[in-house]
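Dumping the structure here so I can ask a few things about it.
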Amino acid sequence: MSSTALLTHIASSPFTYLSLALPIILILLLRHISTPTLHPFEPPLIAPRIPFLGHIINLLRQQGAFYTNVYATHPLPIATLPMADKRMYMLTSPALIQAAMRSRSLSFEPFMNEFAQKMVALTDAEWAPVPALTPQFIKTIHASLTGDHLAKMNLVALNNHVAFFLNKVIPPTSFSACLEIPDLYAHLKTLVTLATADGLYGPDPATNPFRARPSLIDDLWDFDSGLFNLIADLFPRWLAPQAVRGRANLQEALGDYYEARLDENPDAGVSEVVRARAAVMRAHGIVDRRIGRLEIALVHVAAVNTLPTLFWFVVELFARPEAVARARAEVERSVLVSTEEGAGKGGRKATLDITKLTDETHTPFLISVYREVTRKHSANIVTRRVMEDVEISDGEGGRCFLKKDADVQMIAGVTHLLPEIWGADADEFVPDRFAATTTTTGNNDDRKKKSAAMIPFGGGKHLCPGRNFAYAENMGLVAALLLGFEAKGLSVDKIPSKKPLTLGHGIPEPAGQTAVTIGRREGWEDVKWGFTSS
């Protein structure tokens with residue numbers, strides 16, 4: 001067809017040709033919009049297959065696996081991901097991650113405010129005074145989770161619910177009389193929640209809302225199960241009704257708690273972090289019931305990653321008899337067994353020193369196992385926002401420009417499994433992987449590289465302040481299990497697979513149920529357990 005004939009045909013059927021041209025024009029326009037112009041030193045672009053919304057669609061579908069999937073096809077140390085009309089930087093280089101965490105131009109605080117408001121369902125007017133308190137909240141949390149305050153929380157949690165759990169296992173005359181646990185994760189869920197609540201609010205049912213209303217345990221985990229929908233505001237009342245109900249029940253109970261000023265009771269064993277945070281909010285005019293609505297975040301954060309960490313700690317350790325024997329030998333040096341009236345059937349009490357258990361000079365192998373659990377199983381995503389244009393460097397001449405208002409995602413699911421950092425066995429669980437790095441015999445450069453790659457708890461000034469509380473809970477329970485109990489039914493070939501990681505969580509849950517049988521170890525049948533801190 002000649003050009004004249006073509007023009008004549010188009011003129012006679014303009015709408016037909018326009019309908020054919022519009023999709024092509026739209027695709028080209030979206031591709032242009034989703035391919036931003038980059039600064040010369042900005043990270044390389046990974047364009048989505050579906051223009052404009054492709055990365056967002058995959059993020060919603062794949063959630064926690066999105067970034068590791070992107071890295072699998074584009075193994076770059078840093079990359080730019082266009083997200084509609086915004087951009088996101090994905091960091092997988094340990095050196096660049098540490099540079100980003102050190103930079104004062106990157107901050108986590110915008111996410112604390114944006115996500116937390118949706119998490120606790122406050123209106124803009126109700127939330128208005130909160131952002132100004134964020135720096136004071138951070139300072140208060142760090143101050144109240146160190147030293148004597150932390151030691152008190154640890155001992156309240158361990159001596160009340162953890163020790164109670166251990167001591168109620170009936171001393172058997174044969175292994176058949178022990179505790180059968182069909183679902184270890186579900187069993188630990190109750191244990192961790194109550195131990196955490198005891199550490200925060202004290203063990204008295206009159207002042208601890210979780211002791212007074214045990215149904216709050218299920219409410220907390222119902223709330224957690226729909227956290228992504230709540231934060232993303234994806235029709236939570238229809239897509240996550242259990243989470244909405246759980247949140248409402250928690251907020252009502254904690255509203256009652258703060259309205260009654262139970263956090264100010266000097267004899268209730270309330271933690272400093274609970275008291276201090278409430279005092280800050282009251283000083284700035286936030287009413288008691290609203291404090292209760294806000295503070296569901298505190299108990300949630302304290303419990304949500306402790307549980308899966310403890311589960312994988314127990315399973316990975318007790319699945320390996322040789323590791324159990326080695327760890328037991330260490331723990332025996334941190335226990336005091338005494339004869340005490342009323343301490344048990346035989347009058348013996350075993351007291352574990354939590355200070356020694358968490359000290360590398362006393363339990364280097366057990367600590368190595370714990371760190372390997374956080375390396376192998378944590379898929380934490382560390383988030384920051386670029387507050388002003390900034391350049392970061394990897395320390396070896398490489399530099400990257402980061403643009404103001406872009407979001408930065410640092411991917412533990414990649415850095416924790418890099419063969420160039422961890423070796424050819426990076427995908428395997430190696431119990432003593434960290435043992436050499438806790439002594440002076442390890443290679444200093446190797447230790448630095450591994451330290452830079454390990455980000456299970458974030459880093460920089462926003463390093464998770466509750467990590468040491470969770471650490472003590474986990475070490476205390478596992479140490480007592482090692483010394484006084486046998487766990488049967490666990491083996492390396494029975495270690496469960498993981499559920500897909502949802503956004504907002506750092507460690508995935510196990511897929512399916514894990515059955516285990518726990519009974520008293522020979523020679524420890526009559527012992528009552530307790531904890532101290534030197």
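Using only alpha carbon pairs under 8 Å that are at least six residues apart, calculate the relative contact order of the range 455-516 and give it in whole percent.
Result for the range 455-516 is 24 percent.
Using a cut-off of 16 Å between alpha-carbon atoms, which lysines can reach residue 528, once sequence neighbours fewer than 8 places away in the same chain are excluded?
168, 345, 349
Right, something else. Between residue 287 and residue 151, what length in nm is gained on full extension when 0.36 nm per residue of separation is reduced by their alpha carbon distance?
Once the chain is fully extended between residue 287 and residue 151, it gains 46.0 nm.
Keeping the other protein chains in place, figure out the carbon and sulfur percent of the accessible area of the chain, with a 1.4 Å probe.
Numbers: 13790 of 24370 Å².
Summing carbon and sulfur atoms, their accessible area is 57 percent of the total for the chain.
Give me the accessible area per residue for the chain, probe 1.4 Å, as a whole number in Å².
Heavy-atom SASA per residue in the chain reads 46 Å².
Then there is this: So for the range 408-534, what are the equivalent ellipsoid semi-axes in whole Å, largest first, each being the square root of 5 times an eigenvalue of the Cα gyration tensor? Don't jump to the answer; show the numbers that get you there.
Numbers: eigenvalues 179, 83, 63 Å².
Those come to 30, 20, 18 Å.
May I ask you to rank 57, 421 by accessible area, largest first, using a 1.4 Å probe over the protein chains only?
On the way: 57 65, 421 25 Å².
Reading off the accessible areas and sorting them downward yields 57, 421.
Then there's this: What's the FRET efficiency of residue 41 with residue 361 using the Cβ-Cβ distance as r and R₀ = 51 Å, to the nearest 0.05? The partial results should precede the final answer.
Working: r = 45 Å, r/R0 = 0.88.
Efficiency, from the Cβ-Cβ distance: 0.70.
Give the value in nm², to one decimal: projected area of the alpha carbon convex hull of the range 77-148, averaged over all directions.
7.6 nm²
So, one more: Obtain the radius of gyration and the Kirkwood radius of the chain from its C-alpha atoms and give Rg over Rh.
1.04
Which is the longest part of the chain that has none of the trypsin sites (Lys or Arg not before Pro) sitting in a DSSP loop with at most 11 other Cβ atoms within 10 Å?
Looking at the chain, 405-534 is the longest stretch - no exposed trypsin sites (Lys or Arg not before Pro) with at most 11 other Cβ atoms within 10 Å.
Give the residue from 406, 452, 423 lying farthest towards the positive end of the charge dipole for the chain; charges sit on Cβ (+1 for Lys and Arg, -1 for Asp and Glu) and the dipole is referred to the Cα centre.
So the residue furthest toward the plus end is 406.
At 222 nm, what helix-only mean residue ellipticity would the chain give, in deg cm²/dmol to the nearest 500, using -39500 (n - 2.57) for each DSSP H run of four or more? It would help to have the intermediate numbers written out before the result.
Values: 27 runs with 267 residues, N = 534.
Result for the chain, helices only: -14500 deg cm²/dmol.
Could you calculate the contour length gain from residue 164 to residue 405, that is, 0.36 nm times the residue separation minus the distance between their Cα atoms, to one decimal place in nm?
Gain in length upon complete extension: 81.8 nm.
Among 59, 505, 36, flag the residue with its Cα farthest along the positive direction of the charge dipole of the chain, charges on Cβ as +1 for Lys/Arg and -1 for Asp/Glu.
In the chain, that residue is 36.
Ok, one more. List the lysines whose alpha-carbon lies under 23 Å from that of residue 404, not counting same-chain residues fewer than 8 positions away?
Result set, ordered by chain and number: 86, 461.
With +1 on the Cβ of every Lys and Arg and -1 on the Cβ of every Asp and Glu, and nothing else charged, how large is the dipole of the chain about its Cα centre, in debye rounded to the nearest 20?
Numbers: 54 positive and 56 negative charges, 120 e Å.
I would put it at about 580 debye.
Put +1 on the Cβ of every Lys and Arg and -1 on every Asp and Glu Cβ in the range 102-171; which of 165, 115, 128 then has its Cα farthest towards the positive end of the dipole?
165
The values are calculated or read from the model by the stated rules, or taken from the named source; none is laboratory data. All values derive from a computational prediction rather than experimental measurement. As a convention, Cβ positions derive from the backbone with ideal geometry for all residues, glycine included, and neighbour counts pool all protein chains shown. To get the accessible areas, we keep the full protein, side chains included, count just its heavy atoms, and leave off ligands, DNA and RNA. Shrake-Rupley method; radii C 1.70, N 1.55, O 1.52, S 1.80 Å.
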